[in-house]
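All of the numbers you see were taken from the coordinates with simple rules; none came from a lab. These numbers were taken from a predicted model, which means no experiment stands behind them. Cβ atoms come from the backbone with ideal geometry, glycine included; neighbour counts cover every protein chain shown.
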Amino acid sequence: MKRLNIPLLLILFAALAMRFFRFFDIPYTLDELSALNRTFYASFSELIEKGVYNDGHPALIQVFLFYYTKWFGYNEWVVKLPFLLMGLASVYLVYRIGREWFSETAGIFASALMATLQFTVMYSQIARPYASGLFFVLGMVYFWTKWLKTVNPKWYICLGYVCFTTLSAYNHYFSLLQSTLIALAGLFFVAKERRVRYVIINAIAVILFLPHISVSLHQMSMGGLNWLSAPTYQFFPVFYFFIFHFSYVLLLAVIALIITGVILFIKLKPGDRKWKFRIWSLIMFLFPLLFGFYYSVWFKPILQFSVLIFSFPFFLLFVFSFWPKINEKRLAILTLLLMFISSYSLIVQRQYYTFFYNQSYDAISKHQIALLDSLKKPVRLLINGYEAFFLNYYSVKNHHPIPCDVYTYDGFNEVSWEHYISGLKTDYIAMAHLGVTQLDYLDIARKYFPYFVKKSCGFSYEWYVFSKIPNTLSFFKTQKEMKFNQSRNSLEKAINGFVFNKGDEWGPSLETSYAELNIGKHDIIHISARLDSVKSDGMLVCEIRDSNDSLVVWQGVSTSNILKKNGMVDVFLTLRLTDILYYKNNFKLKAYYWNQSKGSVWLKRLKIGIEAGNPYIYAMVNDF
């Protein structure tokens, strides 16, 4: 009777638990909602024309969702289930491949991290082409290995290889790249007398992809992602820190295992014939990373962490490839220790289940429904989001209408936004946004709805409620306002504020420090100025300097795009410190009005307010 593989069972149990934790509560991400919004076409041809052709991804997952949701519906757990299962199966496949290529130990250690790292857990919980592509690539490698190691492979091995290769190509262009690398690698492994058969089975996979060629050529002609910025060399260390949860303990534990494996390898001096697999493991990880990076730098941006998930297992297999087979008891202890450190850093330090399960439209809709039920009166929701479908889905799901007046701020500038807000005839408004937005729009709304009611924030979203009804709640945790001495205007009348006479460019500044206002690294700085008798353009400026008085940040907002009423202008400048790479509590902050046109103007108010920030806004890929 075959003995139970205790380390493997522990790994699979951990992988299952971490992916299916609160299974029915896993919310949709924006990316998933966007894909689901493209499942309502009347026919397959319309789906390809309108939902795939201009999307940038191959058709497989969009076509799958198109039919799958028609058969099984749109509940989160239903849609996510196939991807969760593929993510779980990928953990087992990494073990099998590691065992075949190198050793039992290599397979166990690699699959232990696959089971517990955020990178693989999270993308298993997202119904997009990442868990699926990971599964297809690993399935291809599994059958590729079987084919190489069998002189006369059975028909099902050939069929499995062709099917998984084709699915990889139809899934995502980076999984297509990965499958191409694997297929090319086979030419260096296969015996000369079997090379023709190997070329034939790969040719069959190529032929099966031909129907998609016209779509692929069009998609590739579109270039990269317009919303994505080109990476810098900082991408590489940030990616590795993200992989290991920004945890030095986990990173050191993995490095210790790698070094121990290398030492054992040198000490035992095995007659090792696995260098081909070792070299190709490294190539299959590095090539997509370097290709994506330099394509993004030289042409158009395409590189994100998500697209590297298909090559990531080969990194783990390479770094643990030096480990020989060891005693099962020791292996079980080391595996448990590795998974404990990885799981602890994910659950406790990264707070993964806190931020990932509180995100996007799911969280906004819950808060908005609770607000409507508590106030028993209409509250206008203004949301800088995407499509009406996103919010309507939650309205239907929760059996509760969620009236929404504005779905996106794209149709507004500062002037038209203020016109719109000033015309609202209601006591309350709720404002929400997802991801990046113009935070000064919030300050413009507060000008007409000055009383803060409540706020909720989490991964990728923030939701606020403001009112015209007075209350004692404060929107800012700390604030500071310029104390003006009485000035005199050109008629020699005493006034409160500071008068820029014609020809004056510079005036007073409001200076403070991070320590004085208790500014945290995720806080949001709101600077406002009120100007009167404005006859020319100027700029409200924020400077952040370090302890050596070196400039860290300079940001300005022009008055040229601001609504002027009888010469009066309210200017708002808002800065999210999460967007700034550097933070030290000894930084200094300065705000001032730069009278660029040197016309006469009356500065009546200058104020800095500090809003408690949202550490989870970019939590998926950033430390916090």
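Numbers at a glance
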| read-out | value |
| --- | --- |
| Full-stretch length increase - Phe236, Val621 - with 0.36 nm per residue and alpha-carbon distance subtracted | 137.3 nm |
| Simple spin-label estimate for Trp227 and Phe40 in nanometres, 7 Å along Cα-Cβ | 1.9 nm |
| Reference-scaled alpha-carbon Rg (2.2 N^0.38 Å with N residues) for the stretch 388-448 | 1.24 |
| Given charges at beta-carbon only (K, R positive; D, E negative), |dipole| of the stretch 478-611 in Debye | 380 debye |
| Convex hull volume per residue in cubic angstrom - Cα atoms of the stretch 27-355 | 151 Å³ |
| Cα extents of the stretch 207-259 along the three principal axes, largest first (Å) | 48, 30, 15 |
| Spherically averaged projected area in nm², based on the convex hull that wraps the Cα atoms of the stretch 264-307 | 4.4 nm² |
| FRET efficiency estimate (nearest 0.05) - Cβ-Cβ, Thr354 to Val151, R0 60 angstrom | 0.70 |
| Surrounding net charge for Ile617, when Lys and Arg each add one and Asp and Glu each subtract one, Cβ distance under 10 Å | -1 |
| The chain: relative contact order as a whole-number percent, Cα under 8 Å and 6+ apart | 12 percent |
| Calculated [θ] (222 nm, deg cm²/dmol) that DSSP helices of n ≥ 4 give over the chain, each run adding -39,500 (n - 2.57) | -14500 deg cm²/dmol |
| Amide N proximity, the stretch 1-22 versus Trp77 label position 7 Å along Cα-to-Cβ, cut-off under 13 Å | 20-22 |
| Kirkwood Rh in Å, taken over the stretch 1-139 so that all alpha-carbon pairs contribute | 16.2 Å |
| Peptides ranked, highest mean first, by Cβ atoms within 10 Å: ranges 371-381, 278-288, 458-468 | 458-468, 278-288, 371-381 |
| Highest-first arrangement of 20-33, 307-320, where packing means the average Cβ count within 10 Å | 307-320, 20-33 |
| Cβ-Cβ FRET estimate between Ser550 and Asn54, R0 fixed at 30 Å, reported to 0.05 | 0.05 |
| Percent of beta bridges antiparallel (DSSP, the chain, rounded to nearest 5) | 90 percent |
| Cβ-derived FRET efficiency at R0 35 Å, Arg605 paired with Asn413, nearest 0.05 | 0.90 |
| Binned Cα-Cα distances of the stretch 57-151, short to long, each 10 Å bin given as a whole percent | 16, 41, 28, 13, 2 |
| Reach of Lys455 by Cα under 26 Å, taken over lysines that are not fewer than 8 positions away in the same chain | Lys366, Lys376, Lys377, Lys397, Lys425, Lys447, Lys468, Lys477, Lys480, Lys521, Lys607 |
| Extension gain from Ile200 to Trp275, taking 0.36 nm per residue of separation minus the Cα-Cα distance | 24.3 nm |
| Protection proxy ranking, peptides 149-155, 356-362, average beta carbon neighbours within 10 Å, highest first | 356-362, 149-155 |
| Per-selection Rg to Rh, the chain - Cα, Kirkwood hydrodynamic radius | 1.04 |
| Cα-based Rg of the stretch 182-311 normalised by 2.2 N^0.38 Å, two decimals | 1.40 |
| Angle between the chain longest axis and helix 155-171 axis [Cα atoms, degrees, rounded to 10] | 10 degrees |
| For the stretch 144-216 and the stretch 381-458, distance of Cα centres in Å | 50 Å |
| Average projected area [Cα convex hull, the stretch 421-535], square nanometres | 10.2 nm² |
| All-pairs alpha carbon distance profile, the stretch 478-611, 10 Å steps from 0, percent | 12, 43, 30, 13, 1 |
| Principal axis dimensions, the stretch 293-337 - Cα atoms, whole angstrom, descending | 51, 19, 13 |
| Where the Cα pairs of the stretch 311-447 fall when distances are cut into 10 Å bins, in % | 9, 27, 22, 13, 13, 11, 4, 0 |
